[in-house]
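Shown next, in structure tokens, is the structure this report addresses.
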Amino acid sequence: MGRNVTQKLIESHLLSGEMTPGREIGLRIDQTLTQDATGTLVMLELEAMGLDRVKTDVSVQYVDHNLIQDDHRNPDDHVFLKSAAARFCLWYSRPGNGVSHPVHQERFGVPGKTLLGSDSHTPAGGAIGMLAIGAGGLEVAMAMAGEPLHIPMPEVLGVRLIGELPDWVSAKDVVLEMLRRYDVDGCVGKVIEYYGPGLDSLSAMDRHVIANMGTEMGATSTVFPSDGEVRRFLDREGRGDVWTELVADDDADYDLHDELDLSQVIPLIALPSSPGKVVPVVEVEGRDIYQSYIGSSANPGLRDFAVPAAIVKGRQVHPSVSLDVNPTSRQMLENLTRRGDLADLIRAGARIHQAGCNGCIGMGQAPASGQNSLRTVPRNFPGRSGTREDAVYLCSPETAAVSALTGKITDPRTMGQEMAYPRYHEPESIEVNTEMLLPPPEDGAGVGLEKGPNIHSLPELEPLAESLAGPVLMKVGDDVSTDEILPAGTRVLPYRSNIPMISRFTFGQIDDGYWKRAEEFQQEGHFVVGGSNYGQGSSREHAALAPRYLGVKAVIARSFARIHAQNLANFGIVPLLFKDPEDHGRIDQGDDLRISGIRAILEDGASELEVINETRDESYPLTHQLSSRQIEMILAGSILNLYRS
């Protein structure tokens with residue numbers, strides 16, 4: 001039996017384990033990607049590890065999330081990250097150079113390589129035939145130190161693409177169709193691999209859109225082959241010499257199968273407040289909107305701005321709508337300017353923002369209270385936009401542009417009555433801009449780390465106690481995201497290198513009284529009880545480290561999102577599962593729980609244990625899915641403690 005692309009990538013990087021789905025494997029990592037919302041912590045972890053220099057082929061530190069400089073905190077972190085990139089020999093992408101994922105694909109991505117990023121949308125790199133995986137920052141730091149990445153061997157879902165997209169439909173609608181089929185957790189433990197004749201009509205950046213949002217289905221990664229289109233993309237970027245063909249063998253098979261006829265895809269939209277609540281645009285047509293937002297790593301290609309520019313050319317944005325345009329890179333901004341697209345957008349009334357993540361993670365462009373916002377971003381979790389009670393819809397650039405003109409959610413196909421669809425064709429050449437990328441020095445040993453007053457060293461994390469006891473200070477339902485556990489936004493992210501301060505925002509989106517309750521039990525410890533898919537969304541390890549700092553010793557849930565479960569283990573929090581999911585309903589916030597002898601249970605390699613609800617005089621059976629390696633780090637108190645020992 002031949003190999004599919006995912007299997008070839010894994011096989012060529014396998015350092016330990018067997019390629020049997022569900023079994024833990026260790027992978028060699030060629031490249032890493034960090035961004036400033038997570039990278040500050042990674043650099044502090046490298047310092048704590050005593051690392052001399054990174055051991056990967058390429059590691060890049062991007063500054064794209066925290067660009068607003070309303071006081072010293074963000075710029076201080078930029079200075080710190082620049083010094084740390086030089087100290088540990090990373091590339092450094094300066095503030096304003098662009099969003100990490102598309103810039104990395106353009107400048108550093110190499111078919112056949114592995115990429116690990118401290119950002120959950122790192123799998124976008126799979127667009128050009130890489131195995132790209134998002135992870136917590138501590139795992140990325142370990143990879144930068146030359147350690148393998150350990151993950152369960154994923155199943156491979158093969159999605160055969162046929163046909164070609166009709167007018168007024170684009171790659172965003174394709175991935176929204178996949179979300180309509182699989183929801184936010186239907187691809188947990190899987191890599192989605194696309195193949196088939198339909199690939200011929202999808203550009204490398206179209207594939208980026210689809211690979212980026214595989215994360216929203218819970219997928220470990222998304223993989224496309226490296227074919228002639230990838231070669232053309234790299235040629236345009238001036239890097240054709242790194243191209244290699246990487247396609248599935250003729251007799252390759254997949255663990256799971258699906259087929260998607262591109263010609264049958266229609267304009268789709270995800271309703272507030274989940275990427276999985278997908279419906280046809282026509283079902284919600286006519287709802288008034290306040291904002292239409294174009295940009296982000298989920299729609300980063302030149303066509304994703306050029307097509308909206310053509311749609312609004314010679315027209316005016318509706319007077320009730322703010323059309324926000326966020327170019328994804330400095331290079332993109334330059335090309336839009338040279339083509340005249342930027343002038344068309346400006347004349348139509350668009351508000352042009354600097355190249356970066358910006359409103360996608362609540363850094364500016366927050367919508368007005370009680371108003372609908374259409375966005376081409378990858379996720380719309382509650383409050384993520386920066387407005388607490390937001391109403392964010394996810395859609396294609398076509399839907400966003402047409403709706404900006406009408407002032408209402410509008411099926412973009414109706415625009416066909418006024419104009420021909422501006423079908424985009426990739427140019428033969430583009431302007432390549434590398435001026436804001438700083439290469440690593442030959443030797444960074446003499447470089448000092450420049451720490452501003454907001455940058456604090458990592459807190460000490462004690463080893464796991466013999467038994468755990470304490471109250472349930474937070475109980476939540478299903479699909480709680482890391483945005484709700486530890487939010488982003490202008491109030492919170494500037495404290496990303498200050499764990500004592502950022503911990504005060506823990507669970508603030510759900511219950512702003514949690515922090516004060518947790519402060520009382522910081523030393524004694526307490527529990528969190530979650531539902532299904534606990535910790536979906538962002539890879540931010542602050543959503544594990546901040547609760548750990550506040551005294552969380554264990555999280556008991558129906559199920560966990562992959563990255564967050566690993567982050568909990570990384571920082572010594574025990575992720576435990578209800579054997580009977582109905583037991584979730586038998587525990588109330590405020591109940592006192594006890595797990596006796598948990599350290600001995602884990603040391604013995606047992607996976608069965610029980611929690612006693614002392615308030616109700618009941619007990620519930622629990623289990624865990626921890627590997628022996630994860631158990632070691634929990635016993636030690638964190639993977640960092642284990643590494644140092």
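The values are calculated or read from the model by the stated rules, or taken from the named source; none is laboratory data. Bear in mind the structure is a predicted one, so any value in this text is a computation, not a measurement. No Cβ is skipped: glycine too gets one built from the backbone with ideal geometry, and neighbour counts run over all protein chains shown.
Condition first: touching a helix residue (DSSP H, G or I) at 6+ places or on another chain (Cβ under 7 Å), in the same structural domain as Y534 (by TED's automatic domain parsing) and either surrounded by 18 or more Cβ atoms within 10 Å (Cβ to Cβ) or more than 20 Å from G531 (Cα to Cα) (or both). Can you find one or more residues in segment 578-588 that meet it?
Within segment 578-588, one or more residues are touching a helix residue (DSSP H, G or I) at 6+ places or on another chain (Cβ under 7 Å), in the same structural domain as Y534 (by TED's automatic domain parsing) and either surrounded by 18 or more Cβ atoms within 10 Å (Cβ to Cβ) or more than 20 Å from G531 (Cα to Cα) (or both).
Filter segment 488-531 for residues that are touching a Phe, Trp or Tyr at 6+ places or on another chain (Cβ under 9 Å) and hydroxyl-bearing (S, T, Y); which is nearest to T387 (Cα to Cα)?
That would be T506.
Which of the residues spanning segment 358-377 are assigned to a loop (DSSP other than H, G, I, E, B) and at pLDDT below 90?
G362, M363, G364, Q365, A366
Need the failing condition index for V140 against (1) surrounded by fewer than 24 Cβ atoms within 10 Å (Cβ to Cβ); (2) in contact with a Leu (Cβ under 7 Å, 6 or more places away or on another chain); (3) within 30 Å of E45 (Cα to Cα), just the number.
Answer for V140: the failing condition is (1).
Can you name the residue in segment 286-319 that is more than 19 Å from D206 (Cα to Cα) and in contact with a strand residue (DSSP E or B) (Cβ under 7 Å, 6 or more places away or on another chain) and, of all such residues, is surrounded by the fewest Cβ atoms within 10 Å (Cβ to Cβ)?
G286
When you go through (1) outside any helix (DSSP H, G or I); (2) aliphatic (A, V, I, L, M); (3) within 27 Å of N299 (Cα to Cα) one by one for L9, which number turns out not to apply?
For L9, the exception is condition (1).
Somewhere in segment 171-187, is a residue under 29 Å from C89 (Cα atoms) and touching a strand residue (DSSP E or B) at 6+ places or on another chain (Cβ under 9 Å)?
The answer is no; no qualifying residue exists.
Here are G489, G407, G448, G452: which of them is over 30 Å from R616 (Cβ atoms) and surrounded by 21 or more Cβ atoms within 10 Å (Cβ to Cβ)?
It is G489.
Consider S396 carefully, then state whether it is at pLDDT 90 or above, within 22 Å of G301 (Cα to Cα) and assigned by TED's automatic domain parsing to the domain that holds P280.
When the stated conditions are applied, S396 passes them.
Which one is surrounded by the fewest Cβ atoms within 10 Å (Cβ to Cβ), of the residues in segment 101-131 that are among the hydroxyl-bearing types (S, T, Y) and in a loop (DSSP other than H, G, I, E, B)?
Once the filter is applied, the top-ranked residue is S120.
What number goes with the only condition from (1) surrounded by fewer than 24 Cβ atoms within 10 Å (Cβ to Cβ); (2) in contact with a Pro (Cβ under 6 Å, 6 or more places away or on another chain); (3) under 30 Å from S329 (Cα atoms) that G26 does not pass?
Condition not satisfied by G26: (3).
Considering every residue within segment 378-387, establish whether at least one is part of a helix (DSSP H, G or I), among the basic types (K, R) and surrounded by 19 or more Cβ atoms within 10 Å (Cβ to Cβ).
no
Taking only segment 593-645 into account, find how many residues are of a type in the set (A, V, I, L, M), under 20 Å from L473 (Cα atoms) and surrounded by fewer than 17 Cβ atoms within 10 Å (Cβ to Cβ).
Of the residues in that region, 1 qualify.
So, in segment 293-327, of the ones that are out of contact with any Lys or Arg (no Cβ under 8 Å at 6 or more places or on another chain) and of a type in the set (S, T, Y), which residue ends up nearest to N66 (Cα to Cα)?
Across segment 293-327, the extreme among qualifying residues is S297.
If only one of V528, V552 is closer than 24 Å to S274 by Cα and either in contact with a helix residue (DSSP H, G or I) (Cβ under 8 Å, 6 or more places away or on another chain) or at pLDDT 95 or above (or both), which one is it?
The conditions single out V528.
Based on this model, can you work out whether I634 counts as assigned by TED's automatic domain parsing to the domain that holds Q566, among the hydrophobic types (A, V, I, L, M, F, W, C) and under 23 Å from E24 (Cα atoms)?
The answer is yes for I634.
Can you name every residue in segment 40-59 that is surrounded by 17 or more Cβ atoms within 10 Å (Cβ to Cβ) and without any contact (Cβ under 8 Å) to a residue 60 or more places away in the chain?
Hit for segment 40-59 is V58, nothing else.
Run down R504, R558, R517 and say which single residue is surrounded by fewer than 23 Cβ atoms within 10 Å (Cβ to Cβ) and over 26 Å from E462 (Cα atoms).
Being surrounded by fewer than 23 Cβ atoms within 10 Å (Cβ to Cβ) and over 26 Å from E462 (Cα atoms) holds for just one of R504, R558, R517, which is R558.
Would you kindly identify the strands (runs of 3 or more DSSP E) lying entirely within segment 238-311 that contain at least 2 residues that are in contact with a Phe, Trp or Tyr (Cβ under 7 Å, 6 or more places away or on another chain) and in contact (Cβ under 8 Å) with a residue 40 or more places away in the chain?
Because the criterion is at least 2 residues that are in contact with a Phe, Trp or Tyr (Cβ under 7 Å, 6 or more places away or on another chain) and in contact (Cβ under 8 Å) with a residue 40 or more places away in the chain, the strands (runs of 3 or more DSSP E) in segment 238-311 that meet it are 268-270.
Taking the residues in segment 66-100 that are of a type in the set (D, E, K, R) and in a loop (DSSP other than H, G, I, E, B) as candidates, determine which candidate is modelled with the highest pLDDT.
Applying the filter and picking the extreme gives R94.
Can you find, within segment 427-450, the residue that is farthest from G356 (Cα to Cα) among those that are assigned to a loop (DSSP other than H, G, I, E, B) and under 27 Å from the mean Cα position of the chain (by Cα)?
P440
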